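First the structure, in the form of structure tokens, and then the observations on it.
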Amino acid sequence: MKALFSEIKLKNLKIKNRVVMPPMVIFKHVTADGLITKEHIAHYEERAKAGVGLIIVEAVCVNKEGRLAPRQLGLWSDAFIDGLQEIPKVCHKYGAKVLIQLHHAGAKTPPSVCSDSVCPSSFETLRSPDAPSVQARALTLSEIHNLQNDFVDAAIRAKEAGFDGIELHGAHGYLINQFFSPLINKRKDLYGGSLVNRARFAVEIITEIKQVVGNEFIIGCRMGCNEPDLQTSIALAKLLENAGVQLLHISFGSGPSLNFSSPSLIAACPDFDYSWVVHGGVEMKMHLKVPVIVVFGIRKPEEADALIENNLADFTAVGKGLLVDPDWAEKAQKGGVIAFCRSCKKCLWFQSEDLCPARRAVNS
Ligand SMILES: Cc1cc2nc3c(=O)[nH]c(=O)nc-3n(C[C@H](O)[C@H](O)[C@H](O)COP(=O)(O)O)c2cc1C
């Protein structure tokens, strides 16, 4: 596990190993006002204590009207700084570095949060006969600028709270992803149409954050490797890189109905023993200068180590693996029996670790 546990520098920030805890919302720990609780702090502390090198705290919303669920952590006012600062404080004690993910759900904001959800251009889809339809109206130009300011203000608050940087959530069909996607963004002005225009919403946010937070604060972005195809995603990533992101986290983008998008857009590679999302991240890394995090389905330490050892990725994110076994990183480094995620997805759909058979086995 030498490669996986080798140090790396992100600008001047030393990260002790390549194990990343990717952002994962835990609604049950959030108060009705979007504030953090002590259970939340303990959740992150436990993973930091057990050796994770880089923690990316779950999606926090930059605007109350753009939450993805009624109980999501907020960062839309200074009132959140006091609570959130506890996370970097406890994690830094164990040598972990900590970013926080900035998010707005856009058209994916549910009616239980806001009856006037927004999208780059007006959007309507009936997902399936049993799933609710999604409807959103087009943003005006001044609303676009206000939302960009919301992201910048949230980044300033994150810095005040002691985080080492932020990650913009530009994947999984949420607002920034809606701007990126030619399947969703049908605007006819400077924020839609060409790739440069579709990237503009994020590029301007990155440029502005860079100006106000200084050079030491890390700016990352999560994006899809299929936006809508690999080549376009690479071109988009280069635009983000030129704007000043120092870290790219490659996940999946959005399909036409804002759902989990199709893997078929990444060429099949029978000899590559990882998910199509990791495959997309590896392909993208070959064309980029900034460090790349790959994610999706990485379960075993040997799988993660081989990605780093062969220079296919700079970081490996282990999501559900770290929910099931908080000691994943420590056991990977020092030995020990890891309880592996069995992909039941109960943590995702029901937001409950108690229902997860692998997690239950760890606790018994
Ligand atoms: C409970 C749960 C919550 C998640 N919340 C977020 C989130 O806040 N932001 C995000 O970008 N991805 C989120 N994800 C996706 C994960 O970051 C990760 O990409 C995904 O779980 C795939 O990695 P894995 O196979 O290692 O679990 C979430 C996943 C789970 C299981």
(Q) Residues that are assigned to a helix (DSSP H, G or I) and within 16 Å of the ligand (Cβ to nearest atom): does region 193-205 have at least one? (A) yes
Q | Residue list for region 120-137, filter: of a type outside the set (A, V, I, L, M, F, W, C) and at pLDDT 80 or above | A | 120, 121, 122, 124, 125, 135, 137
Q. Looking at region 21-49, which of its residues are more than 16 Å from residue 89 (Cα to Cα) and of a type outside the set (Val, Ile, Thr)?
A. 21, 22, 23, 24, 27, 28, 29, 32, 33, 34, 35
Q | Matching residues, region 11-25, being surrounded by fewer than 20 Cβ atoms within 10 Å (Cβ to Cβ) and either more than 7 Å from the ligand (Cβ to nearest atom) or basic (Lys, Arg) (or both) | A | 11, 12, 13, 14, 16
Q) How many residues are polar (S, T, N, Q) and within 14 Å of the ligand (Cβ to nearest atom) if we restrict to region 296-348? A) 2
Q. Here are 264, 233, 254: which of them is at pLDDT below 95 and crowded, with 23+ Cβ neighbours inside 10 Å?
A. 254
Q: Name the one entry in 313, 304 that is in contact with a strand residue (DSSP E or B) (Cβ under 7 Å, 6 or more places away or on another chain), in a loop (DSSP other than H, G, I, E, B) and crowded, with 19+ Cβ neighbours inside 10 Å.
A: 313
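The values are calculated or read from the model by the stated rules, or taken from the named source; none is laboratory data. Everything numeric in this text was worked out from a predicted model, so none of it was measured. Cβ coordinates were reconstructed from backbone atoms using ideal geometry, including for glycine residues, and neighbour counts include every protein chain displayed.
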